[in-house]
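Visitor: The structure that follows is given in the form of structure tokens.
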Amino acid sequence: MSVASYSYQLQPAKVRAEFFRLLPISLFVVAFGAAFGLAATQKGLQPLQAILMSTTVFAGASQFAAVDMWGSDVSILPLMAVVFAINSRHLLMGASLYPMLKDLSPGKRYGLLLLLTDANWAISAQEYQSGRRNLEVILGGGLVLWLAWIVGTWLGVYFGGLLQDPKSLGLDMVLGCFLLAMALGGKKSPRVLVAWTVAALASLAAWKWLPPNTHVVVGALAGGAIGFFWLEHKPDAAESEVEGEGERP
Amino acid sequence: MTIETTAAGILALIAIMTAVTLLTRFGGVFIMSFVRINPRIESFINTMASSVLIAIIVPMAVSGDAGALAALVVTAVTMLALRKPLPAIAAGIAAAGVVRYLA
């Protein structure tokens, strides 16, 4: 590993800007959080327990799945397996930011990862494809998303009746639409399109035949494999200081 | 092995969920810190990143109802036409609402 000199400077002004940039999408996250708060109280969690869970876990899909398993008692291993499977995409998301994160000190690096979630990651990863380094969105955007998730849960546990059926308003599709817009806004090359096709087929196969909640990781790794074996001839820009030997086509 | 959902039990369950989720947030980066980044790894990472999105969306479209499908199709078309995310997302959500209202 390279000697410690961490070149990435987080700019406070940009962190603030990213906070406000993700404010609109956070309003939808509030609605989601409210749906979660309602579901959690219906399963018997106390308001403060639901809010605590949203504060410390901060991973919506896995929280919904967890309270679905709630009863007079909860089996630990199945709970861990479900939470891990649903959230295992974080492993890949974090890894994909590593080329930027390695330029932060370990403290900041892992601090930022506390706020890693789909929406802010999608922006950062997409900008990285276009050659822009944006970790500020993980911090600023993550902060506003986290607060929205907590506030939403709080609203849901106390005023859950206000939003009985978020699905009828299409609110369950916010994240899907957001991620799709991010994907289509990114760089598209024949290589990327082949990778996407492979990822789509692999995720569908996993969704059909493998254990539940493994399809994201399976699809993403299958798409990644295309990148591993099919290197792009890029007219290398200055910023990607490639260390070491690395076979170039 | 089960935990009773008493007050203390629920705190323990939340702690377990937090720990497992933290492991997924930290784990990928931790493992990468032992990997030497060469062009091939970089290429893998970049292709994998956008494939994450596809692998989330495609099963969502296939397993979802007509509203979900409408949302994704309208988002895609609007995004490709306007190249602006916010109108595309708004149009997609509206499409889901409308289709479900009509259904």
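Visitor: Only one of (1) of a type in the set (A, V, I, L, M); (2) at the interface with chain B (Cβ under 8 Å from one of its Cβ atoms); (3) touching a residue at least 60 places away in the same chain (Cβ under 8 Å) fails for A:LEU145. Which number is that?
Guide: Just one mismatch for A:LEU145, condition (2).
Visitor: Which residues, taken from segment A:4-29, are within 21 Å of B:ALA88 (Cβ to Cβ) and of a type outside the set (D, E, K, R)?
Guide: Of the residues in segment A:4-29, the ones within 21 Å of B:ALA88 (Cβ to Cβ) are A:18, A:20-29.
A:PHE20, A:LEU22, A:LEU23, A:PRO24, A:ILE25, A:SER26, A:LEU27, A:PHE28, A:VAL29 - these are the residues of segment A:4-29 that are within 21 Å of B:ALA88 (Cβ to Cβ) and of a type outside the set (D, E, K, R).
Visitor: Can you list the helices (runs of 4 or more DSSP H) lying wholly within segment A:1-91 that have 3 or more residues being of a type in the set (Ser, Thr, Tyr) and within 11 Å of chain B (Cβ to nearest Cβ)? Working first, answer last.
Guide: Details: elements: A:12-21, A:23-42, A:47-56, A:60-68, A:76-87.
Result: A:47-56.
Visitor: How many residues does segment B:64-100 hold that are facing chain A (nearest Cβ under 7 Å) and among the hydroxyl-bearing types (Ser, Thr, Tyr)?
Guide: Looking only at that region, the number is 1.
Visitor: Could you figure out which of (1) under 18 Å from A:SER26 (Cα atoms); (2) at pLDDT below 95; (3) surrounded by fewer than 23 Cβ atoms within 10 Å (Cβ to Cβ) isn't true of A:LEU175?
Guide: With (1) under 18 Å from A:SER26 (Cα atoms); (2) at pLDDT below 95; (3) surrounded by fewer than 23 Cβ atoms within 10 Å (Cβ to Cβ) applied to A:LEU175, the lone miss is (3).
Visitor: Further question on the same structure: Spot the failing condition for B:LEU13; the list is (1) surrounded by fewer than 22 Cβ atoms within 10 Å (Cβ to Cβ); (2) under 30 Å from A:SER54 (Cα atoms), and only one is missed.
Guide: Failed condition: (1).
Visitor: For B:ILE31, indicate whether it is modelled with pLDDT of 95 or more and either exposed (fewer than 15 other Cβ atoms within 10 Å of the Cβ) or within 24 Å of A:SER189 (Cβ to Cβ) (or both). Show your work before the answer.
Guide: Values: modelled with pLDDT of 95 or more: yes; either exposed (fewer than 15 other Cβ atoms within 10 Å of the Cβ) or within 24 Å of A:SER189 (Cβ to Cβ) (or both): yes.
It is true that B:ILE31 is modelled with pLDDT of 95 or more and either exposed (fewer than 15 other Cβ atoms within 10 Å of the Cβ) or within 24 Å of A:SER189 (Cβ to Cβ) (or both).
Visitor: Then there's this: Looking at (1) touching a residue at least 12 places away in the same chain (Cβ under 8 Å); (2) crowded, with 22+ Cβ neighbours inside 10 Å; (3) farther than 28 Å from A:LEU162 by Cβ, which one does A:ALA95 not meet, given that it meets all the others?
Guide: (1)
Visitor: Another question about this same structure. Tell me which residues, restricted to segment B:1-10, are surrounded by fewer than 19 Cβ atoms within 10 Å (Cβ to Cβ) and either under 19 Å from A:TRP121 (Cβ atoms) or within 7 Å of chain A (Cβ to nearest Cβ) (or both). Reasoning before the result, please.
Guide: Just the residues of segment B:1-10 that are surrounded by fewer than 19 Cβ atoms within 10 Å (Cβ to Cβ), to begin with: B:1-4, B:6-9.
Result: B:MET1, B:THR2, B:ILE3, B:GLU4.
Visitor: Being farther than 10 Å from B:THR47 by Cα and facing chain B (nearest Cβ under 7 Å) is the filter here; which residues of segment A:188-198 pass it?
Guide: Passing the criteria: none in range.
Visitor: Provide a single number: the residues in segment A:34-57 that are surrounded by 22 or more Cβ atoms within 10 Å (Cβ to Cβ) and either within 16 Å of the chain's Cα centre (by Cα) or basic (Lys, Arg) (or both).
Guide: Result for segment A:34-57: 2.
Visitor: Sticking with this one: Looking at A:LEU115, A:LEU147, which is the one that is modelled with pLDDT of 95 or more and part of a loop (DSSP other than H, G, I, E, B)? Can you show your working first?
Guide: Working: A:LEU147 fails: part of a loop (DSSP other than H, G, I, E, B).
Going through A:LEU115, A:LEU147 in turn, just one is modelled with pLDDT of 95 or more and part of a loop (DSSP other than H, G, I, E, B): A:LEU115.
Visitor: Related question: Do you know which residues across segment B:6-36 are touching a Lys or Arg at 6+ places or on another chain (Cβ under 8 Å) and outside any helix (DSSP H, G or I)?
Guide: If the condition is that a residue be touching a Lys or Arg at 6+ places or on another chain (Cβ under 8 Å) and outside any helix (DSSP H, G or I), then B:SER33 is the only one that fits.
Visitor: Oh, and also: What number of residues within segment A:201-216 are more than 7 Å from chain B (Cβ to nearest Cβ), buried (at least 21 other Cβ atoms within 10 Å of the Cβ) and modelled with pLDDT of 95 or more?
Guide: Going residue by residue through segment A:201-216, those that are more than 7 Å from chain B (Cβ to nearest Cβ) are A:201-202, A:205-206, A:208-214.
Within this subset, residues satisfying the condition of being buried (at least 21 other Cβ atoms within 10 Å of the Cβ) are A:202, A:206, A:213.
If we keep only those that are modelled with pLDDT of 95 or more too, we end up with A:202, A:206.
So the count comes out to 2.
Visitor: Pick from B:ALA81, B:ALA91, B:ALA61: which is over 30 Å from A:GLN49 (Cβ atoms), under 18 Å from the mean Cα position of the chain (by Cα), part of a helix (DSSP H, G or I) and without any contact (Cβ under 8 Å) to a residue 24 or more places away in the chain?
Guide: Details: B:ALA81 fails: under 18 Å from the mean Cα position of the chain (by Cα); B:ALA91 fails: under 18 Å from the mean Cα position of the chain (by Cα).
One residue alone meets the criteria, B:ALA61.
Visitor: Working only within segment A:163-214, note down all residues that are polar (S, T, N, Q) and outside any helix (DSSP H, G or I). Spell out how you get there, then give the answer.
Guide: First, pick out the residues of segment A:163-214 that are polar (S, T, N, Q): A:164, A:168, A:189, A:197, A:203, A:213-214.
Matches in segment A:163-214: A:GLN164, A:SER189, A:ASN213, A:THR214.
The values are calculated or read from the model by the stated rules, or taken from the named source; none is laboratory data. Not measured: the values here are computed from a predicted model. Note that we place each Cβ from the backbone using ideal geometry, even for glycine, and neighbour counts take in every protein chain shown.
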